[in-house]
There are 2 protein chains.
Amino acid sequence: MRFSGAFIPTKRDVPRDAVVISHQLMLRAGMMSQESAGIYTWLPFGLRALQRIEALICQEQERAGAVRLLMPTLQSAELWQESGRFDTYGPEMLRLQDRHQRDFVYGPTNEEMITALLRRYVSGAGAMPRMLYHVQWKFRDEARPRFGVMRCREFLMKDAYSFAQDEDEALQMYEAMFRCYIRSFARLGLYPLAVRAPTGPIGGDLSHEFHILAQTGESGLVYDKAYDKVYANVSDQRESRQGLILSDDAIERIRGVYAATDDMHDGGTCAVAEGDLNKARGIEVGHIFFFGTKYSRAMGLSVQGAGGTFYPQMGSYGIGLSRLVAAVIEANHDENGIIWPLSVAPFQVGLLNVRLGDSSCDDVAGSMYGMLEKAGISVLYDDRGLRAGVQFADMDLLGLPWQVIVGPKTAEKGQVELKWRRDGTRVTVGSEEAVKRILAGAGAVG
Amino acid sequence: MRFSGAFIPTKRDVPRDAVVISHQLMLRAGMMSQESAGIYTWLPFGLRALQRIEALICQEQERAGAVRLLMPTLQSAELWQESGRFDTYGPEMLRLQDRHQRDFVYGPTNEEMITALLRRYVSGAGAMPRMLYHVQWKFRDEARPRFGVMRCREFLMKDAYSFAQDEDEALQMYEAMFRCYIRSFARLGLYPLAVRAPTGPIGGDLSHEFHILAQTGESGLVYDKAYDKVYANVSDQRESRQGLILSDDAIERIRGVYAATDDMHDGGTCAVAEGDLNKARGIEVGHIFFFGTKYSRAMGLSVQGAGGTFYPQMGSYGIGLSRLVAAVIEANHDENGIIWPLSVAPFQVGLLNVRLGDSSCDDVAGSMYGMLEKAGISVLYDDRGLRAGVQFADMDLLGLPWQVIVGPKTAEKGQVELKWRRDGTRVTVGSEEAVKRILAGAGAVG
């Protein structure tokens, strides 16, 4: 795509109201724009990131056996009355009435609706186990939305729901999704701590939150230092376009690390010695729940099994996709801007034409653009004709993994400068060699 | 995907409340499920159709130079007060308040929001021309939602917005999107009439609706019989996986056909002779508007041009994607069920194992499944072990373009029966030949 037509309004200055780095960078990189408190438009560059993250998360959901459907944003209040949550959910639930004064809510989550859906279709035991998921806009009417899309009101969520014949099967499904989450996040370049968590308004007995470490995180965490070693081991691999694929063994090791929120941590009972613990702040990027028959029983989803009628054992599994964009940026940036992992970069390559109008530059840049697009590599081509310094600063800010810099000296020789954004290494190579290295994977040098 | 885990709850009986054929078929094929009046869950099979149609429409939008962003579902009432539509839009606009008693609407369309967005970012003339689009859930609080997703309340819409320096440029953009629409619909197997239309609550001077012919359509249409000839000429081509790509010439011919709604048609002034006119009923699948400076002026979007400050000339361009699923079915079905065009079929192939458990059948079906998936062909594999008659009926109902039928007689010889759903033709061929024919394009025979 050509920068001139792309509608990516970059900004030099740090916006006044943005406190956390991801919020600052998302505004400066022209990724989103606030419409009302906690309600955002996703501008083209931000939307591309959101879509790539969504696609990756969905790929891993399907790999874990979840089947995709799509529930609506508005839900009848009757569903929430059946479960008893209409009165208890509190002011974060947005309530409204249609033209006939029927009560609705803008769904903050979908336990009720999916339970009612299965009630309409499922009667025999053959229907279990079942894992269904969707990606839909949710609304939670936060009293103080802040930190950009990190804590906003209208947000995009992936939520999955599991239905099992008995508790054993349900816990196996919970564990499978637990591992799926660790695997999914690693592909995004994130290595979250899995923290035993309170179940809150969803309810149930068992719950884990996934937190990535960030100084600006809202939660205080305590965790086993072993985590840093696990992290160092798995992240030491070469970056690829599919992202880091963790081995089952690595997933087990991450799964085994002790971690808790400040308020859940009890030094007296914790098996890890005080000296082996670190403290840090974290951002929640996922939350999983096992709540047994809470909803199936309340809403009368019963199934005929071999041993008689039973209520399915349920779980739910959420990832805030819009927040995840911010979390990826929190974990991948430097003082010059964002550093996108190859796996979810809005474009793989930023192509800079340092002297638009110079015939060698235009030729080489044009031919690079053509070759890369033909090879299926997405390119943002800066054809705005601005001076080199602005182009360099904008491209570092946008943080595409590769930069291809076309200047008059190298262009005359049919060469380009190839820069790997993450470490800033550069090499000067022929155009075709540049395409070859970009196709091969990470790193400008070697 | 395996049918056993796919959550496609097919139904034999025609649902009582469904009047139009697309509504009946979508319910019987387990594509969607009603949650409240005019509010639906898209079940997995329906969602796949919706996603494929969305992807195709977006591909053509980008081809026409539109850039994608994503605006939120909820809009501040203030925006609508600025344009003057908050009071005039009527009861179809869903109004609500957040916890701080601030007024919002669930967006029925986005002219206000996109105008305000550009007002925040655009000041110089270089910003024109610009075409932006998004795909987002909308809400129109219909007094009587009916016909399934054809006239529902929460619906998925693609809406594009054009901004131009002057009226000439604006009309060129209108014409470009007009052609884009004809081209897009043809790829879906639809040949709509373009009807000069009233502008309604969007406003402006110029507007066209796109209607596909269907007995159950809500609009009465009058049109030049020449349309049938144009249609016969263009549709006489072999179906392909990208769908029919119209030539510019064919688009011009379709563009030139006279058509009007009953109430807009005036026999006295119409240039087409009475005897050359047909009457029919139509379903609106798209609507485009040119409304000049209506919103840019009301909302103060002004731009500095060479000749001074001007208000951009705007247009908007909508396609109801959820309705389009129904429209494709209205235009592509027979007495046994849906007949998906290759270009948007939820799966390309339905694979039937007529005798699950028979070792030759299981081998051949398993190897077909593997070969097709490896070739990038999406397959729905009926592994439910139901009797042949049920499998045949379900597969015809679901309407996947290809059926591969594995039965004991042919399987022993490593053969399968290949059926082209649209005309029912069948051939018995070796497994690899079947894959080859499926990759090649349309039609079982030849």
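Quick notes
- Cα centroid separation, the range A:277-328 to the range A:20-66: 23 Å.
- Gyration tensor verdict on the range A:173-234 (Cα atoms; rounded if a/c is under 1.5, prolate if a/b is larger than b/c, oblate otherwise): oblate
- Exposure check, 1.4 Å probe, all protein chains in place: B:K436 carries approximately 140 Å² of accessible surface.
- Of the trypsin sites (Lys or Arg not before Pro) found in the range B:219-276, those that fall in a DSSP loop while having at most 10 other beta-carbon atoms within 10 Å are B:R238.
- Counting DSSP beta bridges with both ends in the protein assembly as shown, the antiparallel % (nearest 5): 85 percent
- Rel. contact order, % - alpha carbon contacts under 8 angstrom, at least six apart, the range A:191-309: 43 percent
- Cα shape, the range A:377-432, gyration tensor, a/c 1.5 rule: oblate
- Here the accessible area is traced with a 1.4 Å probe on the protein chains. For the range A:1-72, carbon and sulfur cover 45 percent of it.
- Legend: helices of chain A (whole DSSP H runs) are marked when their alpha-carbon atoms reach 20 angstrom or more along the helix axis and their mean Kyte-Doolittle hydropathy is at least -0.5; marked are A:44-63, A:167-187, A:359-374.
- Toward the positive end of the charge dipole of the protein assembly as shown, with +1 on the Cβ of Lys and Arg and -1 on the Cβ of Asp and Glu, the farthest Cα among A:I254, A:C270, B:M368 is that of B:M368.
- When only the Cβ of Lys, Arg, Asp and Glu is charged (+1, +1, -1, -1), the dipole of the range A:290-446 relative to its Cα centre reaches about 660 debye.
- Between chain B and chain A, roughly 4600 Å² of accessible surface gets buried, counting both sides and using a 1.4 Å probe.
- Helix-only mean residue ellipticity at 222 nm for chain A, each DSSP H run of n ≥ 4 adding -39500 (n - 2.57), per residue, nearest 500: -9500 deg cm²/dmol
- Inter-centroid distance (Cα atoms) of the range A:113-155 relative to the range B:134-192, Å: 28 Å
- Using Cβ point charges alone (K and R +1, D and E -1), the dipole size of the protein assembly as shown about the Cα centre works out to roughly 620 debye.
- Loop-located chymotrypsin sites (Phe, Trp or Tyr not before Pro) in the range B:55-148 (DSSP state other than H, G, I, E, B) with a sparse environment of at most 13 neighbouring Cβ atoms within 10 Å are absent.
- Chain A: antiparallel DSSP beta bridges as a percent of all, rounded to 5: 85 percent
- For the protein assembly as shown, the solvent-accessible area of protein heavy atoms averages 38 Å² per residue (probe radius 1.4 Å; ligands and nucleic acids excluded).
- All-pairs Cα distance distribution in the range B:266-333, expressed in whole percent, bin size 10 Å: 15, 23, 24, 22, 14, 1
- Amide H contacts of A:F147 (H built 1.01 Å from N, in plane; Pro and chain starts excluded): A:V19 sit under 5 Å, all sequence-distant by 5 or more or on other chains.
- Taking only Cα atoms of the range B:340-379, radius of gyration then Dmax in Å: 11.5, 34
- Calculated over the range A:52-143: convex hull of Cα atoms, volume per residue (Å³): 131 Å³
- 13 Å cut-off, amide nitrogen to a point 7 angstrom out along A:T309 Cα→Cβ, residues in the range A:109-137: A:123-124
- Given B:K229/B:K279; B:K138/B:K294; A:K409/A:K436; B:K374/B:K413; A:K11/A:K374; B:K225/B:K419, the pairs whose alpha carbons are separated by over 27 Å: A:K11/A:K374; B:K225/B:K419
- Amide H within-cut-off set for B:R2, under 5 Å, with H built and near neighbours excluded: B:Y381
- Placing +1 on the Cβ of every Lys and Arg and -1 on the Cβ of every Asp and Glu, with no other charges, gives the range A:93-171 a dipole of roughly 560 debye about its Cα centre.
- For chain B, the relative contact order is 17 percent, taking Cα pairs closer than 8 Å that sit 6 or more residues apart in sequence and dividing their mean separation by the residue count.
- DSSP-defined beta bridges in the range B:320-446 - what % are antiparallel, rounded to 5: 55 percent
- Surface composition of the range B:100-163: carbon plus sulfur atoms contribute 45% of the solvent-accessible area (1.4 Å probe, protein chains only, all chains present).
- Kirkwood-type hydrodynamic radius, the range B:1-99: 17.3 Å, calculated from all non-identical alpha-carbon pairs.
- For the range A:121-150, a drop of 30 Å² or more in accessible area on going from the chain alone to the assembled protein chains (1.4 Å probe) is found at A:Y121, A:R130, A:W137, A:D141, A:A143.
- Cα gyration tensor category, rounded, prolate or oblate, for the range A:44-197 with a/c compared to 1.5: oblate
- Dipole of the protein assembly as shown computed with +1 at Lys/Arg Cβ and -1 at Asp/Glu Cβ about the Cα centre; of B:G46, A:Y174, A:I438, farthest Cα towards the positive end is A:I438.
- Relative contact order (percent, whole number), the range B:8-139, Cα cutoff 8 Å, 6+ residue spacing: 21 percent
The values are calculated or read from the model by the stated rules, or taken from the named source; none is laboratory data. This is a predicted model, so every value here is computed, not measured. All Cβ positions, even for glycine, are placed from backbone atoms using ideal geometry, and neighbour counts span all protein chains on display. The accessibility values were calculated without ligands, DNA or RNA, using every heavy atom of the protein model including side chains. Shrake-Rupley method; radii C 1.70, N 1.55, O 1.52, S 1.80 Å.
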